[in-house]
Amino acid sequence: MDAAVSALVKLADSARKQGRWADAELGYREALKLRNDATVVGRLGLTLVGAGQPARGARNLMEAIERGGGVGSENDEFFKVFKRIRPTVCLLYVKGNLTDALVSIDGGAFHKENGSQFKLFVAPGKHVLEGKSEERGVARAERTCPEGGEATTVLLWHWPDGLPTKPERLFRHRKKGEVIPGLDDDRPADIPREEDEPPPPKPIFGGVGGEERPVHKRGSVGGGVAVVSGVATWTPAVGVALHGSVRLHEVVSLDLDARAAWLTGGIGGRPIGGMTAGALLSVCGHWRWVFGCATGHLGAIFVDFDEARYEGRSYAFFTPGLGGRAGARIPIGDALAIRVTGDVIGLNGGIVVVADQETVADHPPVMIGGSVMGTWEF
């Protein structure tokens, strides 16, 4: 079992570092089903916070801190992240006069933790709680939970005259260790489970009514080296590239790249230089660390004749085009990554270079490029 837990935690750690929050959460929860480890509970809390769910993450971080999860710097990270998000959430205490009720929060599914006596972190704002009992029906309560604070809500069911108002008195004479099916849970209460968590809020832009703001867009900027083949010759031209990107969706981005590249030798072995400069606008689909794009190109190719050999002239060829791009993103930290791309662009026309009445180059309307860049994500 230890090997299985270690493998699950390792996969979840890798997913968390890459920002794949759903995969990381699934890995940590599967590991906790096999072994209730305080450090894994804390890492689950970091994952939920990173996914934009501070209310769900706060509970796991607090438990990890209380149980001494993490060693050294990781324990400090649990505390620092909890301290940072605590002012943005609210601790809600739920109390009720029934012990066997199922409780629903904000219209979510009815779940059972410790009957109707528990506490949990929620987003600030008004919350509606409903408790359901087979014998006593439904009790309902509303409570506004302040940001950074705490509040208590009480669910009260009507009891017929003559019955005790505090039902725990009914169980004073239970035998030690006795488990009552349907009332007691034979699993440890401190293991984070799906039924223990409040239902995640539906994404409402602007955080209306205490809902958490969704993490919708992520951007990146960067720069690096570009190589282009197709500057009136298949000989590679070398230059620089700049990159900017914005995530329109978790799996879709809009990218804008600018690049310029110069031939390191002449065209056709002649003293004729060449360079290209242009911009590439791409709509990209992402899956894990790879992506593919539909790309449009707008730029120009310049051909310069050596004035000492030829009559000094230079030519510019306007080169719009369409094509595709593929690449990979290799994370090297929380905000830094290496971006590797390759593209093929079909241009509006080929280029013919003639010198001394001799055709030096007759290049087809194709440009092949690639780049390696460092990017900063925000």
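The values are calculated or read from the model by the stated rules, or taken from the named source; none is laboratory data. This one's a predicted model, so the numbers in the text were calculated from it and none came from an experiment. Glycine also receives a Cβ, built like all others from the backbone with ideal geometry; neighbour counts cover every protein chain displayed. For accessibility, only protein heavy atoms count, side chains too; no ligands or nucleic acids. Shrake-Rupley method; radii C 1.70, N 1.55, O 1.52, S 1.80 Å.
What is the percent carbon and sulfur in the accessible area of region 3-85, measuring with a 1.4 Å probe over the protein chains and ignoring ligands?
Details: 2090 of 3730 Å².
Answer for region 3-85: carbon and sulfur cover 56 percent of the accessible area.
Report the gain in length on full extension from Glu30 to Ala326: 0.36 nm times residue separation, minus Cα-Cα distance, nm rounded to one decimal.
Computed gain between Glu30 and Ala326 is 103.2 nm.
Let me know the whole percent of all Cα-Cα pairs from region 240-283 that are separated by more than 18 Å.
Values: 451 of 946 pairs.
Looking at region 240-283, the distances longer than 18 Å represent 48 percent of pairs.
Report the FRET efficiency, 1/(1 + (r/R0)^6), for Ile338 and Arg86, where r is their Cβ-Cβ distance and R0 is 41 Å, rounded to 0.05.
Working: r = 35 Å, r/R0 = 0.86.
Using R0 = 41 Å, I get an efficiency of 0.70.
Over region 90-154, what percent of the accessible surface lies on carbon and sulfur atoms, probe 1.4 Å?
Details: 1400 of 3090 Å².
With neighbouring chains kept in place, the figure for region 90-154 is 45 percent.
Using a 1.4 Å probe on the protein heavy atoms, what percent of the accessible area of region 225-272 belongs to carbon and sulfur? Please list the in-between numbers first.
Numbers: 1550 of 2170 Å².
About 71 percent, which is the carbon plus sulfur part of the accessible surface.
In Å², what does the accessible area per residue of region 219-377 work out to with a 1.4 Å probe?
On the way: 7730 Å² over 159 residues.
The answer is 49 Å² per residue.
Could you order peptides 148-154, 271-277, 28-34 by the average number of other Cβ atoms within 10 Å of their residues, highest first? Display every interim value, and only then the final one.
Working: 148-154: 13.9, 271-277: 20.7, 28-34: 18.6.
With the highest mean Cβ count within 10 Å placed first, the list reads 271-277, 28-34, 148-154.
Percentage of Cα-Cα pair distances in region 219-377 greater than 20 Å, rounded to whole percent?
Details: 6217 of 12561 pairs.
Distances greater than 20 Å cover 49 percent of the Cα pairs.
Just check region 334-378 against the gyration tensor rule for me: Cα atoms, a ≥ b ≥ c as the square roots of the eigenvalues, rounded for a/c under 1.5, and otherwise prolate or oblate depending on whether a/b exceeds b/c. Kindly include the intermediate steps, with their values, before the conclusion.
Details: a/c = 5.54, a/b = 3.46, b/c = 1.60.
Verdict is prolate for region 334-378.
Apply the Karplus parameterisation 6.51 cos²θ - 1.76 cosθ + 1.60, with θ equal to phi minus 60°, to every residue of region 261-275 and state each ³J(HN,Hα) to the nearest whole Hz, in sequence, with x for glycine and proline.
Ordered by residue, 3J(HN,Hα) equals 9, 10, 5, 8, x, x, 7, x, x, 9, x, 10, x, x, 7 Hz.
Could the peptides 130-141, 88-99, 254-265 be put in order, highest first, of the mean number of other beta-carbon atoms found within 10 Å of their residues?
Working: 130-141: 15.4, 88-99: 20.3, 254-265: 18.5.
So the order, starting with the most tightly packed, is 88-99, 254-265, 130-141.
Given the pairs Lys95/Lys132; Lys95/Lys126; Lys33/Lys132; Lys33/Lys95; Lys10/Lys119, which are separated by over 23 angstrom at their Cα positions? Before the final figure, lay out the partial values.
Working: Lys95/Lys132 13 Å; Lys95/Lys126 17 Å; Lys33/Lys132 28 Å; Lys33/Lys95 28 Å; Lys10/Lys119 31 Å.
Check vs 23 Å cut-off fails for Lys33/Lys132; Lys33/Lys95; Lys10/Lys119.
To the nearest Å, what is the center-to-center distance of region 214-258 and region 42-112, using C-alpha atoms only?
Region 214-258 and region 42-112 have Cα centres spaced 39 Å from each other.
Show me 219-232, 318-331 ranked by packing, highest mean number of other Cβ atoms within 10 Å first. Write out the running numbers ahead of the final one.
Numbers: 219-232: 20.2, 318-331: 16.8.
Descending packing order for the listed peptides: 219-232, 318-331.
When a/c reaches 1.5 or more, the comparison of a/b and b/c decides; with that in mind, is region 3-85 rounded, prolate or oblate per its Cα gyration tensor?
Working: a/c = 1.68, a/b = 1.23, b/c = 1.37.
Judged from the Cα gyration tensor, region 3-85 comes out oblate (a/c at least 1.5, b/c at or above a/b).
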